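This report concerns only the one structure given below.
The values are calculated or read from the model by the stated rules, or taken from the named source; none is laboratory data. Remember, it's a predicted structure, so these values are computed and weren't measured experimentally. Cβ coordinates were reconstructed from backbone atoms using ideal geometry, including for glycine residues, and neighbour counts include every protein chain displayed. Accessible surface areas use protein heavy atoms only, side chains included; no ligands, DNA or RNA. Shrake-Rupley method; radii C 1.70, N 1.55, O 1.52, S 1.80 Å.
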Amino acid sequence: MTPDPDFLLTSADQFEALYAAPSERAILKQIDRLDEHCRAFVAASPFLMLATAGRDGVDCSPRGDRPGFVEAADDKTLLIPDRRGNNRIDSLRNLIDNPQVGLLFLVPGVNETLRINGEARISSDPALCARFETSGALPRTVVIVTVSEAFMQCPRALVRSELWNPDRHLKRSELPSFGTILAAHTGGAVEAASYDADHDATLKETLY
C-alpha cells in the first residue's frame, strides 16, 4: 500500500493538530530513578523488551527468565544478564554504537507495564556475571543500564489485546511450526520436520 503523501505527517505541528495535549498526570508520572514501586515491578517481571539503535538500524529483543532475573542495583542502575541465545547479539552490537536503550517490563496478569529509558554499558566482569549464575551456567555478559527515565504505562494496549486472557490464546498448531518458518526463511537450509522433531529437546539442553 502506498499512503497518500498529502496525509503523511512530517512536523510536530501536524501531530498537535491531531492529538490532544497529554494530561498533567501523564507528564508528572515520569521520574528519573527507580523508586520502591519500580523496583517491585522489576522484581516481579519475568520478561522485558530491549530496544536499541545502531549504525545498521534498530532492534527490539526479548529478554526473559524467572521473576527477578533483572537486578536493581540502586535507584539509578539495572543489571540485565545476557542469557544464552542465537549469538546474533544484534542488541549488544547496537549498544556499542549507541548506548541509548529503552526497556519495557511486563508482569503476567498485570495490564500496566513499566517503561525505562537510559544508557547502557556491557560488562564481562567475572564477578558481576557470577551474580547471575543459574543452573550452573553464567551469562557471557551483563548489560548495565543507567536509568534516566522511568514511568508506568497505562493498561489500554494490554486490555485491548486481552494478552493475558487464556480464552484468546492460540494453540501452537494454529500457526506454522518454527521449523516450517525457518525452512522458508532460510531457503531450505533448515529441514522443517527434523528441526521440529528435535526442537523441544534442544531447547531444554541449551536453555542456559
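On the stretch given as the stretch 100-125, residues that are open to solvent by 50 Å² or more (accessible area, probe 1.4 Å) and within 17 Å of D32 (Cα to Cα) total 4.
Applying the criterion of being among the small types (G, A, S) and outside any loop (DSSP other than H, G, I, E, B) to the residues of the stretch 1-19, the residue that is least open to solvent (accessible area, probe 1.4 Å) is A12. Within the stretch 152-159, one or more residues are closer than 16 Å to P46 by Cβ and open to solvent by less than 30 Å² (accessible area, probe 1.4 Å).
Consider the stretch 67-89 and keep the residues that are touching a Ser or Thr at 6+ places or on another chain (Cβ under 7 Å) and not in a loop (DSSP other than H, G, I, E, B). The one that is nearest to Q153 (Cα to Cα) is T77. Restricting attention to the stretch 67-92, the residues being within 16 Å of the chain's Cα centre (by Cα) and touching a residue at least 24 places away in the same chain (Cβ under 8 Å) number 15.
Of all residue pairs spaced 6 or more apart or on separate chains, those with beta-carbon atoms under 8 Å, a first member in the stretch 158-182 that is under 28 Å from L114 (Cβ atoms) and in contact (Cβ under 8 Å) with a residue 24 or more places away in the chain and a second member that is small (G, A, S) and in a loop (DSSP other than H, G, I, E, B) are W164/G109. Tell me yes or no: at least one residue of the stretch 45-66 is open to solvent by less than 80 Å² (accessible area, probe 1.4 Å), modelled with pLDDT of 95 or more, outside any strand (DSSP E or B) and out of contact with any Asp or Glu (no Cβ under 9 Å at 6 or more places or on another chain). The answer is yes; a qualifying residue exists.
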